[in-house]
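Just so it is clear, none of the values below were taken in a lab; they were calculated from the coordinates. Keep in mind it's a predicted model, so treat the numbers as computed, not measured. Here the Cβ is made from the backbone with ideal geometry for all residues, glycine too, and neighbour counts use every protein chain on show.
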Amino acid sequence: MKRISRKQPQSRQATFMIIVIVLMGLVWSIYELSSSQISANRIKPSEDPTVSQNKNTATPQEGLQRYKIVIDAGHGGKDPGAEGASGNREQVYTLSLSEKVYDLLQQDPMFEAHMTRTDNAFVELEDRAQIANDLNADAFVSIHGNTYKDPEVSGTETYYYADASFEFARKVHEQLAEATGFKDRGVKKEGWKVLTSSNNLAILLEVGFLTNLNDETNMLSDTHQNRTAEAIVNGIRKYFTDRDGR
Ligand SMILES: [Zn+2]
């Protein structure tokens, strides 16, 4: 009977195992390196599917940067917002008006407009502000319709949180309150999440009370929305023109 020496194959086996382990380690570290580079490059605001691409074709004024304005259509998706007097939901109104504001801004070479949502998507409050923060936006404008248990309550309110945003709130509100024709309920300071999470100028507009039949009827009409959108854009333009003299 031939005796098989087991010593040599054993040491060859051990060498083979060491090579396999070293190779596996090498492959793992290459994988780790490349995936960390991918994740570092992954989050760009412009690639976020919830953010509309800037399609401004207007020629910018020579040598002047466009002001980046983020328009936030309140609510959406699983959060429909207020229920209006007629049963319509706030999320539909805010998107409709926001699109009109966006279009007007895009027609003005002074601005580069963005939206936090362009369809009936749900976006977290923190993410709405984060979109503006990531873009390093000049201003964030959140658009809402108000609600109250008493259907008699009506009017326009504008909110700000950081004191630096007060003048911006005041200028936009001045135009907005006049254009709506509703009761002027003034500019108020309040810690809404979208405002406290914003790094830049940030305001929240409660255009009118959807729970008030007169406010709602006006707010749902295209004519009133166009007038309101124009007023919001005029207010934004006036603020930056006055501040920067352009
Ligand atoms: Zn709302």
> Mind listing which trypsin sites (Lys or Arg not before Pro) in segment 116-156 are in a DSSP loop and have 12 or fewer other Cβ atoms within 10 Å?
Replying inline: Lys149
>> Once each part is reduced to its C-alpha centroid, what is the distance from segment 183-209 to segment 71-89 in angstrom?
In response: 17 Å
>> Which entries of Lys189/Lys238; Lys78/Lys183; Lys100/Lys149; Lys68/Lys193; Lys68/Lys183; Lys68/Lys100 have Cα-Cα distances beyond 27 Å here?
In response: Lys78/Lys183; Lys100/Lys149; Lys68/Lys183
> Using a simple spin-label model with points 7 Å from Cα along the Cα→Cβ vector, what separation in nm is obtained for Asn120 and Ala164?
Replying inline: 3.8 nm
>> From Cα pairs below 8 angstrom and at least 6 apart in sequence, can you work out the relative contact order of segment 56-174, rounded to a whole percent?
In response: 33 percent
